[in-house]
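Asker: Sharing a structure below in structure tokens format, with a few things to ask.
Every number in this text was worked out from the coordinates using simple rules, so none of it is lab data. The structure presented is a predicted model; accordingly, all values stated were derived computationally and were not measured. Backbone-built Cβ (ideal geometry, glycine too); neighbour counts: all protein chains shown.
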């Protein structure tokens, strides 16, 4: 994944109104993810977490039978998720709620996500791609690693796809539920990545440390995983 410390910040902040551009990174300091209460988000994160915990070597597992992780996107679902996200960040930073709401409504955050991850072969419209970007970026932030290679990202994608293929809960999700799940991961990626980028660009060691600790705490609490004990390799995330 491209340099997490600068690229995402530039994609977002160069096109945003000045006040919103300044305020937006503050929402990434939230300990709880946007959409953390969604059953599907927690369930799929735990499915992936179990797959990672069971990997104890660089051995590449045989792929599961192919299962689609794509979905047919709906503008109505995107509008609903965007509004929910705007509500979340407004509550997170009430002093700047109006500017934050405008930022979310006036900027193509999902397009910014796609622009950032395209070099790693990830795309919109796919739950596995959205989860992969979220997991890799949180590993990077927790470990303060600026760069992940395309091969490493794609290896994690194979892990995610395999985990989802073995999940009856995922198989039951329809297009709307898959889209909501994917876009929730994408918006968390944007919020957390821009916050970390902004802190690094300002050389704010305290903020960088807090954001790194928050990423580690999220995964430890929600997925029972120590991101700092995992290695990101060309065979995926390995404990």
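Asker: So, by mean Cβ neighbours within 10 angstrom, what's the order for 206-216, 76-86, 178-188, 156-166 with the highest one leading?
Answerer: With the highest mean Cβ count within 10 Å placed first, the list reads 178-188, 156-166, 206-216, 76-86.
Asker: Checking a compactness column here: for the range 115-198, what do you get for Rg(Cα) / (2.2 N^0.38 Å), N being the number of residues? Each step should come with its number before you reach the end.
Answerer: Working: Rg = 12.9 Å, N = 84, 2.2 N^0.38 = 11.8 Å.
Working it through for the range 115-198, the quotient is 1.09.
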